[in-house]
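Below is one structure; the comments refer to it alone.
The values are calculated or read from the model by the stated rules, or taken from the named source; none is laboratory data. None of the values given here were measured: they were computed from a predicted structure. Cβ coordinates were reconstructed from backbone atoms using ideal geometry, including for glycine residues, and neighbour counts include every protein chain displayed.
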Amino acid sequence: MARIFPFQAYRYNPARVKLEDAVTQPYDKISPAMQERYYATSPYNLITVEKGKSRPDDSPSDNVYTRAARTLEDWIASGVLLRDPVASLYAYTQTYKAPGESVERTRKGLIAIGQVEDYSAGVIFRHEQTLSGPKADRLELLRHTRTHTGQLFMLYTDPARRVDAQLDRISALPPTAEARDDLGVFHQLWAITDPAVIQSITSEFADKKLAIADGHHRYETALAYRDECRAKTGSTDRSAPYERVMMTLFNTAGEGLIVLPTHRVVSRLSNFSFESFRDRVKSEFDCRSYSFSAGSARAAAFSMFLSHLEQSDDERPSIGVFAGGDAFHLFELRADANLDALLPDVSAMQRRLDVVLLHKLLIERGLGITAEAVKGERNITYERDMEAAIDAVDRGEAQLCFLLNAISAEQTAQIAFAGEVLPQKSTDFYPKLLSGLTLYRLE
């Protein structure tokens, strides 16, 4: 099934640049302020390549993409980037604290290059739809640089943890490289060069399927570029460099793998009334309110509301709602709700996921926000931090917010392997994978 391979990664030369001064968060997570900070950190920061600055005088021969390509060439020529001498796999760990937690976790993965496969081949699966804008940008960058700088976050299922056991042994050795990123996550890398170990690890994937957890746009960019190259050469060479893409693979049964919820913030609704909204969905949801007067009473009400939200299960999925005023609300699916009739086009696997119930029943039916409007973010924005979502309502910037529990990595993979997709921004795998730890150049 899945085919993965070692590769000779380009990596930053520690004699020329400190690794943590050079790496970045994934391109789609880089805000304008982060971009400026990366530029100021080091002249060798990957931001110049990953998300360069446009200029007023940009032209077909001098623009963000041509400058990215020239920068990479210069760094390789001057020894800022060095190519590893032998093809390797890379054990990769991230030690971190999840938001709001004090306990450290460690997530172990494997960096390799993997065979690019059409979705129809039944080897690599997606769990969300993609947008055209990011793909066009990444494709233009790949055309010019012929280099994958960012990682695809891939899931596989290995309950016996055979690959993890090998990564455990390797990560007990001194690391090849390490860096603490700008969000406080500690990253470590080990080059795996022993041919016997490489063969042992890669063979474990021969019967496995892969699900894209993060990086759908990057994967579909690799697909599009592969097809372009096939058209230019007039042939299909499955061993060509452009037939493969860099990825980091994580076991859904592994330790330290968490998914954070992404909350929905709603605004710009005409004539919105919470009472009318609640009445429109009362045949499907029971509403439990946690009222407060002021001060400490609010904190106590919120604590009880949050405790009950976190106790939600598949039998009675619950969604938190805050619409201002003096109460938090928990919308709990009624025991007599007929989901077969309500959601005839939704699979049984997804009908009891709170994020699906939220979009299909509360957002589309209850609020009248169409799927097209959701996709265009005309009324819905997204917030990882629950307090920030609530604050937006308190400040009058939003009319209400929906507060969710997270979907699990196992559920995400199961849905993907079934050939289904979730609503956009249903998952937030934390932490993200750094760009620049390893680079895969199509040589």
Discussion item. Any residue that is under 30 Å from ASP164 (Cβ atoms), of a type in the set (Ser, Thr, Tyr), buried (at least 17 other Cβ atoms within 10 Å of the Cβ) and under 31 Å from the mean Cα position of the chain (by Cα) - is there at least one of those in the range 252-265?
Written reply: yes
Discussion item. Can you tell me which condition GLU420 does not meet? The list is (1) assigned to a loop (DSSP other than H, G, I, E, B); (2) assigned by TED's automatic domain parsing to the domain that holds GLY320; (3) modelled with pLDDT under 95; (4) on the phi < 0 side of the Ramachandran plot, and all the others hold.
Written reply: (2)
Response to the item:
ALA177: passes all of (1) under 30 Å from PRO261 (Cβ atoms); (2) in contact with a strand residue (DSSP E or B) (Cβ under 6 Å, 6 or more places away or on another chain) but (1)
Item to complete: Output the residues belonging to the range 389-417 that are within 22 Å of LYS29 (Cα to Cα), at pLDDT below 95 and aliphatic (A, V, I, L, M).
Response: ALA406, ILE407, ALA409
Worksheet item: Given the structure, is PHE205 at pLDDT 95 or above, over 18 Å from the mean Cα position of the chain (by Cα) and under 17 Å from GLU117 (Cα atoms)?
Response: yes
Discussion item. Considering only residues that are closer than 19 Å to VAL393 by Cβ and either touching a Cys at 6+ places or on another chain (Cβ under 7 Å) or surrounded by 12 or more Cβ atoms within 10 Å (Cβ to Cβ) (or both), which ones fall in the range 274-287?
Written reply: PHE274, PHE277, ARG278, VAL281, CYS287
Fill in: Criterion (under 26 Å from ALA409 (Cα atoms), in contact with a strand residue (DSSP E or B) (Cβ under 6 Å, 6 or more places away or on another chain) and of a type in the set (Gly, Ala, Ser)) met by exactly one of SER307, SER318, SER347, SER291
SER318
Practice prompt. Residues that are surrounded by fewer than 19 Cβ atoms within 10 Å (Cβ to Cβ) and assigned by TED's automatic domain parsing to the domain that holds ALA33: find the strands (runs of 3 or more DSSP E) completely inside the range 170-247 holding 1 or more of those.
Written response: 177-180, 186-192
Practice prompt. Scan the strands (runs of 3 or more DSSP E) fully inside the range 257-336 and keep the ones with 2 or more residues being touching a residue at least 40 places away in the same chain (Cβ under 8 Å) and in contact with a Pro (Cβ under 8 Å, 6 or more places away or on another chain).
Written response: 327-333
Practice prompt. Take the residues in the range 401-423 that are in contact with a Lys or Arg (Cβ under 7 Å, 6 or more places away or on another chain) and over 22 Å from ASN379 (Cα atoms), then tell me which one is surrounded by the most Cβ atoms within 10 Å (Cβ to Cβ).
Written response: ALA416
Discussion item. Please verify whether TYR27 is at pLDDT 95 or above, closer than 25 Å to HIS217 by Cα and under 27 Å from the mean Cα position of the chain (by Cα), treating the condition exactly as stated.
Written reply: no
Worksheet item: How many residues, within the range 323-352, are at pLDDT 90 or above, touching an Asp or Glu at 6+ places or on another chain (Cβ under 6 Å) and surrounded by 15 or more Cβ atoms within 10 Å (Cβ to Cβ)?
Response: 2
Discussion item. For ILE390, only one of the following conditions fails: (1) under 27 Å from LYS282 (Cα atoms); (2) within 19 Å of the chain's Cα centre (by Cα). What is its number?
Written reply: (2)
Discussion item. Quick check on the range 387-400. Is at least one of its residues of a type outside the set (Gly, Ala, Ser), buried (at least 17 other Cβ atoms within 10 Å of the Cβ) and part of a loop (DSSP other than H, G, I, E, B)?
Written reply: yes
